[in-house]
Every structure is written in C-alpha cells, then in structure tokens.
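For reference, the structure is listed below as structure tokens.
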Amino acid sequence: MSTPLAAPLLEIEDLTVRFRTDNGWMTAVDHVSLQVGEGEALGIVGESGSGKSVTALSILRLHAAATTRLPTGRIIYGGRDLLTLPARQMRAIRGGEIAMIFQDPMSSLNPVLTISDQIGESLRLHQGVDKATARKRAIELLELVRIPDAARRVDEYPHRLSGGMRQRVMIAIAIACRPKVLIADEPTTALDVTIQAQILDLLRDLQQELGMSVILITHDMGVIAEFARRVMVMYAGRVVETAPVSALFRAPMHPYTDGLLSAIPKLDVDVGRLPAIPGSIPDPTAVIPGCRYSPRCPMVQESCVREAPALLPAGPEREARCPPRVAQWAAARESAA
Amino acid sequence: MSEPIVKVRDLTKDFQVTRGRGGPPALLRAVNNISFDIQPGTTLGLVGESGSGKSTTGRLLVGLIPATQGEITLFGSTVTGKDRAAALDRVRTKLQFVFQDPHGSLNPRMRVGDCIAEPLDIAGGWSRADRMGRVAELLETVGLPRAVAERFPHEFSGGQRQRIGIARALALQPEFIVCDEPVSALDVSMQAQIINLLLDLQEKFGLSYLFIAHDLAVVRSIATEVAVMYAGALVEHAPKRVLYTAPKHPYTQALLEAVPRPDPDRKRAPALGGEVPSILNPPPGCAFAARCPHVMDRCRVERPMPRVTEEGHAVACHLY
C-alpha cells in the first residue's frame, strides 16, 4: 500500500456505500481506501457515477439515511472511526475539524440570512462566541478570502453577490473554525474560467497559510494537474489508479486514465479527430463481471472479464487496478535492473 | 470566397428588466453591435463567459427572438426588419438548433422515434412508411441502433441523448445548425464522441455550424474560425490557429492563460482580478477596461470598434 511517511491524518479503509434505487441496490462506492496526510492536497478525479462525491460525502456522513444502506469499512480520523461515532460527536467534527464546500454556492447558502449570520453560525455553534464577536470574525474571514469591502458585504444577502463571490463566502464559512481537512467537491465547476482561476489560487494560498489538508474532487484533469499533489482516479465506484500527480500525467498505468487523458480536447495544439473512449459509462445498477472498464478497454484480455482485478502496487506511492499493465511495468523494471 | 450563408451586421439585442417592485425598467444590452459572417461548410466557434451574450446571439440567428437593431441575412434572405416572419419562413427548414441539455430538450413521454420524427410531422407530407424509414436512417447516421426508436429518452445516457437530439436536428436536412453548449453537460469520455460526430456530419452533409461554448479547448477541436465575446461585445475574431497561437485582445490572452491544462509542470500566471461587469446600462468605454492590464485613459471613455489588423483577424482594442 502507498502509505505516506507520517501517519495519515484521515484514512478510509475499505469503504463500501450502497443506495436503494428503483432498480434495486446499487453500489456507489466499492471497497475504496485512501489516506490523506497532514497538509496534503489529494485530488479525486472521475466522471459521473464514479463514486467520487459519494466517497467525500461519506467522510462527513451526509447521505440521506432512508436510501443508504449503512456503509461498511472504516473512516479513521484522530484515532476514531467516523462511521460509528455518535451523532453528537460527529456534529462537532462536521464543520469544525472537517469542513466541506460544494459545487453550487447559491443552493448551499441560505437566501434569507445575511453573510454575517451564515459565517457566524458555525463560529457560534463550534466555538460558542457571541453574535458581535461572530460578526467581527466574519469580516476578518471575508478579508481572508479576499472579498473587497468586507465590512459592508458582511451584512448583505447572498443574491447580491456574484457566483465567484458566493463561492468565496462558502470558503469563508468552511475555514471559519480552522478545519484540519477541507473537502472541496467540484468547487469551481459552476464558475467561469477566469473566476475559476481566482478560486484555485485562493484555495492554494489558504491551504498553505492555514496548513490544511485538502481533498479536491473534480471531473477536470486540468484542475487536478494544477492543484493536487497526489491523485486518485475513480471509475464506476472503484479506484482504478492512485499516483503522484506528475507520474500520473507522464505515464498513466490504467487504460481508463489513458483514455481519459487522450479524450480531453487540447487547448495548445490542433489534433484533428479526438481519440474518444468507445461506449458509455456503465449503468450503476448493472452487474459487470470482472473489471468494470473491460467493455470499453482497448487492451481487454480474457482474464479481465473472468475475475475482478485487485489494486496492485506499481511503484512509489502508486497503485493500479490493471493486472496486465502492472505485469508489463514489473517486467520492464526487471529487465532494466 | 463563396457567399457567406450567415451575415450579421451591427446586431444589437436589448432586454427590458424590472428591478425591484414598481421601479423603472432598466435596459440590459445582451448583444452590443456585433458583426460577423459564416462561410458554407465551416464552423464559427463563439466563446465567452456567462453573460457574454453568446447564447443570445445564437437565439437571434435562428429567429427564436427578434433583434433590437441590426441585420441578419441567412442564405441571402434578410430575416430582420419588417418582413421578418415571411423571410424566416423561407429559410426555416435550413436552420436547426442543438441544445445543451439533452435531457431537458427531449419530451420524456415521447418515444425516441417520435421525438426524432417531430420535425417531419410539423413539416408534413411524410407517409407512415417514409417517416419510419427516415427515423431509422437518422438513427444510423448518429450511430444508434434502429431499435432505440421504440424506447424512451430516460433509458439513455447523456451522450446517447445528445445523439438523439442531433438526429432530430438533422431530420429536415438543415444546412446551418446552431449548437449551444452541446457537450458541456457531458462527461469527458462522451464529449469527444459527440465532437467527432459533429465533425463527421459536417463532412458528410456540408453543414455549417455556429458552435457556442465556454470551453476554449472544445472550441479548438471543432471550429474553423473563433469569435470571442465579452459583456455583449465581440472583442476578437480570427481563424482558429491564429486566435489560439497569437491572440491580440488582452481578454482573449487572459482567458487562454486561465484555462487549467492537464500538465502538472505548467505554472499558470496569477488569475486576472475582478469580474465581468454588469450589462445593465453599460459604461461608455471598453467593457474590459476595469480588468485590463493594459488599460489607458481612452479605454474608459471611448468604445473600441473591431479593426481588421491582418487577413481575417479583427480585434476591438485601442492597443491596435
């Protein structure tokens, strides 16, 4: 296993999450394990139905109880398993030590409360400060996320702010209690490209200033390349590859990662036809024997369909769920040695 | 060069918006005095951020909304002004529109075959057998099996639904299609398939596209020429290769710089500050002046008009 040198701050072991749907139970997250070190920037990348957001929501136990079967596995933070923590203790962690920001800043903010009330809420709840102190702290936080004219903005309502400003407010709320871990689920997807660049700059600066670990979830390989130090690629509920960011882009080890990287439209060169991945992302309730990527994989072998491949070590801090490719890599390493 | 199939001259679109209860209506200038041509068999990529006016431009072109000022000529017919309705009727079957959201644009209660045949039903004159044959042919054209005609839209993935939307757009053999963000709701692995399909159809049928998108890389993969809009104005227009390799307008330069590349070794310049200005009662000068690193006094008072700096490269900036 690719364990960071120091003990990880947050560790997910063998997490499986299942949902009830009209067509029966579906496995959204299938035996996922990951570690996040202190101050680390981990990227989770995948397309729809890959399980990347469900994995993130599970850390904070934010699923609808009615349609979710109790997740199995463990989520270890500070020596405790978050999956079995009593609700009261979980509330102290949620928004206090582990905070989250979402894709759509408009629907995550309450339209009838001022910015001050919404930032203050988490301070009053977690730190018990009074209303006046909370407002003062809210202004400081708005300055920290670089909202101009913070003392005036703090008393405004969300509809007065642009999308980029709202996402800054969401970030201010998330960092209000100085969390150790910030989970950012598609934080820039709803934003224009020049605003996206501003928010990515801000997240990186804050991560360094506050020493937070950040788990960034996105479908955008460009955002991953810019932000993450280590990357986990997910497909249809499973981790297919984990690698340091430079290694992943230089030499992907899973055919899905290959396909995804080649299919991205290129900004800096003209390429003619893009090499598309054939087929579609599988239906989440579909049962696919063996490797879930095998129906679309250009190098599929008979063994891929017969048995579910394991995630295999493939170099420093690297793992890939593709036995043929890992065997190729191992053979090449042996002949070089 | 042959006669352009689309000619747009000094096109402007205003919307009246009411602010607050009983307040006086304000003027929102969504498209501000833009001009361009589209040559047959080519694709004009129209890029811009939200509120730039790119979607409004697309809707104006196919007659979904009337223009406030200016002239649109399609296939030689001027479809603005007092004969608008009659002129549009003459060219209507040559125009089509492909929408962003393939789920929202297909009726969930209609079978896929009926969705695709709807334009035929409206145009009239198709026998049952011909109609069925045409649906099968269209499905094959967009890479779907015939049998899907009997199924319902919800049974399909986003990419397949977009194929159905394209099949419907092709039903009456259009010559010009406005594609408004046709791949932005799709996953990366689906995007490439749809872009390639649009390229194949263009080759096969000689189609022309106005391809509207916010993703500059997607536009590079399909466009012949690219026009960049900002706050309702067209700031730069050039052949694709020129625009991406030698952009002139400071906004185009900033936009290209801001796109995250799938390359961890690339160091992006710090983000451009500020935000897109309000297009309610726009200021007199250049819309980009407040964010521009090269701003001059003149930019704040005088609106720069597009100037052709070299063959086919127009830029609206006082620097040139």
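All of the numbers you see were taken from the coordinates with simple rules; none came from a lab. The structure presented is a predicted model; accordingly, all values stated were derived computationally and were not measured. Methodologically, a virtual Cβ is constructed for each residue, glycine included, from the backbone with ideal geometry; neighbour enumeration extends over all protein chains shown.
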Next item on the list: Choose one answer from B:VAL17, B:VAL242, B:VAL226: the residue with the largest mean-square fluctuation in a GNM of chain B with alpha-carbon springs under 10 Å.
Entry: B:VAL17
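Determine the percent antiparallel among the DSSP beta bridges restricted to the protein assembly as shown, to the nearest 5.
Details: 57 of 94 bridges.
Of the beta bridges lying entirely in the protein assembly as shown, close to 60 percent run antiparallel.
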Note to self: Give me the one-decimal nm value for the distance between modelled label points at B:ALA86 and A:ARG152, 7 Å along each residue's Cα-to-Cβ direction.
What the structure shows: 5.5
Note to self: Compute the angle between helix B:128-141 and the longest alpha-carbon principal axis of chain B, please, reported from 0 to 90 degrees and rounded to the nearest 10.
What the structure shows: 50
Margin query: Can you pull out the GluC sites (Glu not before Pro) in region B:219-297 whose DSSP state is coil and whose Cβ has at most 15 other Cβ atoms within 10 Å?
Written below: none
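With a Förster radius of 56 Å, plug the Cβ-Cβ distance of B:ALA26 and A:VAL269 into 1/(1 + (r/R0)^6) and report the FRET value to the nearest 0.05.
0.80
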Check: Tell me, what does the Kirkwood hydrodynamic radius of chain B come to in angstroms if you use every pair of distinct C-alpha atoms?
Finding: 21.0
Next item on the list: Can you bin region A:1-108 into rounded, prolate or oblate? Criterion: square roots of the alpha carbon gyration tensor eigenvalues sorted a ≥ b ≥ c, rounded for a/c under 1.5, prolate for a/b above b/c, oblate for the rest.
Entry: rounded
Notebook entry, point to check: Arranged by the count of other C-beta atoms within 10 angstrom, fewest first, what order do A:CYS304, A:CYS291 take?
Noted result: A:CYS304, A:CYS291
Next item on the list: Would you calculate, for chain B, the mean residue ellipticity at 222 nm contributed by helices, counting each DSSP H stretch of 4 or more residues as -39,500 (n - 2.57) and dividing by all residues, to the nearest 500?
Entry: -9000 deg cm²/dmol
Checklist line | Selected from A:PRO244, A:PRO284, A:PRO148 as most flexible by GNM, with chain A as the system and alpha-carbon contacts under 10 Å | finding: A:PRO148
Item checked: Potential lengthening between B:ASP10 and B:ALA129 on full extension [0.36 nm per residue; Cα-Cα distance subtracted] -> 38.2 nm
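State the antiparallel share, in %, of DSSP beta bridges confined to chain B, rounding to the nearest 5.
On the way: 29 of 47 bridges.
Taking every DSSP beta bridge within chain B, about 60 percent pair in antiparallel fashion.
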Margin query: On C-alpha positions alone, give me the angle between the axis of helix B:188-205 and the longest principal axis of chain B, in degrees, nearest 10.
Written below: 70
Next item on the list: Please grab the % of Cα pairs in region B:143-250 that end up more than 20 Å from each other.
Entry: 47
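For chain B, what relative contact order do you get, as a whole percent, if you take Cα pairs closer than 8 Å and at least 6 residues apart?
20
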Notebook entry, point to check: Residue farthest toward the positive end of the dipole of chain A, with Cβ of Lys/Arg at +1 and Asp/Glu at -1: which of A:LEU311, A:LEU85, A:ALA236?
Noted result: A:LEU85
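May I ask which of A:LYS266/B:LYS248; A:LYS180/A:LYS266; B:LYS13/B:LYS204; B:LYS240/B:LYS267 have a Cα-Cα span longer than 27 Å here? Display every interim value, and only then the final one.
Working: A:LYS266/B:LYS248 20 Å; A:LYS180/A:LYS266 36 Å; B:LYS13/B:LYS204 34 Å; B:LYS240/B:LYS267 24 Å.
With Cα atoms farther than 27 Å apart: A:LYS180/A:LYS266; B:LYS13/B:LYS204.
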Check: Using helices alone, what [θ] at 222 nm do you get for chain A, with -39,500 (n - 2.57) per DSSP H run of 4 or more residues, divided over all residues and rounded to the nearest 500?
Finding: -10500 deg cm²/dmol
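Please rank A:MET170, B:MET296, fewest neighbouring Cβ atoms within 10 Å first, as an exposure proxy.
On the way: A:MET170 27, B:MET296 13.
By the 10 Å Cβ count, ascending: B:MET296, A:MET170.
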Notebook entry, point to check: Relative to the first principal axis of the alpha-carbon coordinates of chain A, what is the inclination of helix A:193-210, with its axis defined by its Cα atoms, in degrees from 0 to 90 and to the nearest 10?
Noted result: 80
Item checked: Shape of region A:270-337, Cα gyration tensor, a/c cut at 1.5 -> oblate
Check: Could you give the Stokes-Einstein D for region B:173-234 in µm² per second, using the C-alpha Kirkwood radius, 10 °C, 1.306 mPa s?
Finding: 128
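What FRET efficiency comes out for the pair A:MET106/B:GLU257, r = Cβ-Cβ distance, R0 = 30 Å, nearest 0.05? Mind showing how you got there, number by number?
Working: r = 27 Å, r/R0 = 0.91.
The computed FRET efficiency comes out at 0.65.
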Notebook entry, point to check: Per the Kirkwood formula on distinct C-alpha pairs, the Rh of chain A is how many angstrom?
Noted result: 21.3
Next item on the list: Give me the distance between the Cα centres of region A:268-337 and region B:213-256, rounded to whole Å.
Entry: 36
Next item on the list: Given the options A:VAL145, A:VAL32, A:VAL193, state which has the largest fluctuation in a GNM of chain A using a 10 Å cut-off (strictly under) for Cα springs.
Entry: A:VAL193
Next item on the list: Kindly state, to the nearest 0.05, the FRET efficiency for B:GLU3 paired with A:GLN208, given R0 = 60 Å and r defined as their beta-carbon distance.
Entry: 0.55
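If you take every DSSP beta bridge whose two residues both sit in region A:1-130, what share of them, in percent to the nearest 5, is antiparallel?
Antiparallel bridges make up about 95 percent of those DSSP assigns within region A:1-130.
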Next item on the list: For the protein assembly as shown, just say rounded, prolate or oblate: build the C-alpha gyration tensor, square-root its eigenvalues into a ≥ b ≥ c, call rounded for a/c under 1.5, and beyond that prolate if a/b exceeds b/c, oblate if not.
Entry: oblate
Next item on the list: For A:ALA251 and A:GLU140, compute 0.36 nm times the residue count separating them, minus their Cα-Cα distance, and round to one decimal in nm.
Entry: 35.6 nm
Notebook entry, point to check: For a label point 7 angstrom out from the Cα of A:ARG178 toward its Cβ, which stretches of region A:83-123 have the backbone nitrogen within less than 19 Å?
Noted result: A:92-100, A:119-123
Notebook entry, point to check: So, in nm, how far is label B:ASP121 from label A:ALA310 when the simple model puts each one 7 Å beyond its Cα toward the Cβ?
Noted result: 5.7
Next item on the list: Among A:SER53, B:GLN69, A:ASN110, flag the residue with its Cα farthest along the positive direction of the charge dipole of the protein assembly as shown, charges on Cβ as +1 for Lys/Arg and -1 for Asp/Glu.
Entry: A:ASN110
